1. Take the residues of the stretch 135-148 that are surrounded by fewer than 18 Cβ atoms within 10 Å (Cβ to Cβ) and of a type in the set (A, V, I, L, M, F, W, C): which is modelled with the highest pLDDT?
2. Any residue that is exposed (fewer than 15 other Cβ atoms within 10 Å of the Cβ) and modelled with pLDDT of 85 or more - is there at least one of those in the stretch 19-35?
3. Tell me which residues, restricted to the stretch 120-134, are among the small types (G, A, S) and at pLDDT 90 or above.
4. Could you tell me which numbered condition E87 fails, if it satisfies all but one of (1) at pLDDT below 95; (2) of a type outside the set (F, W, Y); (3) part of a helix (DSSP H, G or I)?
5. Report the residue count in the stretch 90-120 for those that are more than 14 Å from the chain's Cα centre (by Cα) and part of a helix (DSSP H, G or I).
6. How many residues are surrounded by 24 or more Cβ atoms within 10 Å (Cβ to Cβ) and either without any contact (Cβ under 8 Å) to a residue 12 or more places away in the chain or in contact with a strand residue (DSSP E or B) (Cβ under 6 Å, 6 or more places away or on another chain) (or both) if we restrict to the stretch 85-110?
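The values are calculated or read from the model by the stated rules, or taken from the named source; none is laboratory data. Bear in mind that the values here come from a model prediction, so they are computed numbers and not experimental data. Counting neighbours? That spans all protein chains shown, and the Cβs are built from the backbone with ideal geometry, glycine included.
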Amino acid sequence: MDMKRYSSLPLPPYAFIPGKNPHPLKEGGHMQISGEPESYQLTEENYTKHEHYLYSIDLINNHYFWEAHVYLEAIWNANNREGDIAELMKALIKYCAGEIKNLMNQEEPAQKHFERAKEILKTISKEKLVGINIQNFDGESFKRIELL
């Protein structure tokens, strides 16, 4: 069964895993030419059309965790690293870092990232934020994000 896509942007040719394939921003990497993205503020009003946000969800759902973190970080910065949406982006970044560590068979560092993601999520009082049901995300159980 095909997974629902939220963005029209194509998935990268490979998911970066440190030590296993070319770093995306280095020579031969799939982001070498485009470089790191610059994004714009994510809000409750624009999340259904925010291409970088939608793409980051597609990347997570398809296990491109390093690539997702780059877009999430750009959004986190565009939101001035403050407020509930920025905190959610930070939690998702930590989640992606944990998944990358899992792929590298580094269980203890992975768990530390997942624990930090959980701590960050506890600071968000809303049940739903930019289409994500916060109550369903415990910092490590997202194998697929479905936007509401």
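1. The residue in question is L147.
2. no
3. Pass one, the stretch 120-134, residues among the small types (G, A, S): 125, 131.
The one that is among the small types (G, A, S) and at pLDDT 90 or above: G131.
4. It is condition (1) that E87 fails.
5. Residues flagged as more than 14 Å from the chain's Cα centre (by Cα) and part of a helix (DSSP H, G or I) within the stretch 90-120 amount to 14.
6. Summing the residues that are surrounded by 24 or more Cβ atoms within 10 Å (Cβ to Cβ) and either without any contact (Cβ under 8 Å) to a residue 12 or more places away in the chain or in contact with a strand residue (DSSP E or B) (Cβ under 6 Å, 6 or more places away or on another chain) (or both) in the stretch 85-110 gives 1.
Per-residue answers, yes or no, for (1) crowded, with 19+ Cβ neighbours inside 10 Å; (2) within 18 Å of I120 (Cα to Cα):
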position	(1), (2)
P37	no, no
E51	no, no
W66	yes, no
L72	yes, yes
I75	yes, yes
N80	no, yes
G83	no, yes
